[in-house]
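The block underneath contains the structure these notes are about, expressed in structure tokens.
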Amino acid sequence: MTHEFDTLAPFKRLLAVTGAGLLGAAALAGCGILEESGSDSDATEVSGEAVDAAAEAAAGDCLPQEVIGADSGEFAIDCADPLAYWTITAITADSDAVATGGTLADPQPAFDLCGEEVGAYVPGKLRTDWNMIYDQTTGAVDYLFCIEAIDKVGEDGRTPKVPDTGECFASADLDWATLPCDSAEANSTVISATTFEVADWAAPDVEGALADCAGGYYELIDQFDRTSGVICFE
């Protein structure tokens, strides 16, 4: 049973639409290769049972790729489950964060809890992200949590890692993943990958990094409009 609006006390819990791999009812938003930011209308309503289950979650627990599906009464799942896609690296009910428009009014609580690199695309590293369960009416965040993709090859042959030099990917993918170069879906090979220093993510030297790039390129721009690196590919 999900929380419904009440004439006396409107109360509705939603899962934020943030970034990496939040597919299905909570669509990709913000840090996909081609996606834009989401809003409350795109977020997933969370059942009361799932909210209660989140209270028992801890770092080291695992989540499916679709963090909470529609009408799900679960939160964390067994890490041995084939559907396990993310590991929770941190979770708190005391972040003092505030949600607005389906995301954080100020991203600093996510950086404080998850680290400055959360959500950034870094060549050779597993994808990371953050999410939250929040009250749509008040904007109060019940649970803020950080996640990192599990280092394993999925049924689709993809590893949820940003490709590095010499690795391959599919340009049609909606989010970064590494594919074996002999995969029928792999149509791009990374010629070179540059990672910028965190302090430079707001204004990196993209032109300098691409000076010797003879192929196509992607700027690795995340949901916070930070450019963590560039990939030159053929």
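In this calculation the C-beta distance from Val98 to Val198 is compared with R0 = 35 Å, giving a FRET efficiency of 0.90. Each peptide in 163-170, 149-156 was scored by the mean count of other Cβ atoms within 10 Å over its residues; highest first, the order is 163-170, 149-156. Of interest is the spacing of the C-alpha centroids, which for the stretch 146-168 and the stretch 64-124 amounts to 18 Å.
Quick note: the coordinates plus some simple rules give every number you see, no bench work behind them. No experiment lies behind these values; they were computed from the predicted model shown. Heads up, the Cβs are rebuilt from the backbone with ideal geometry, glycines too, and the neighbour counts pull from every protein chain shown.
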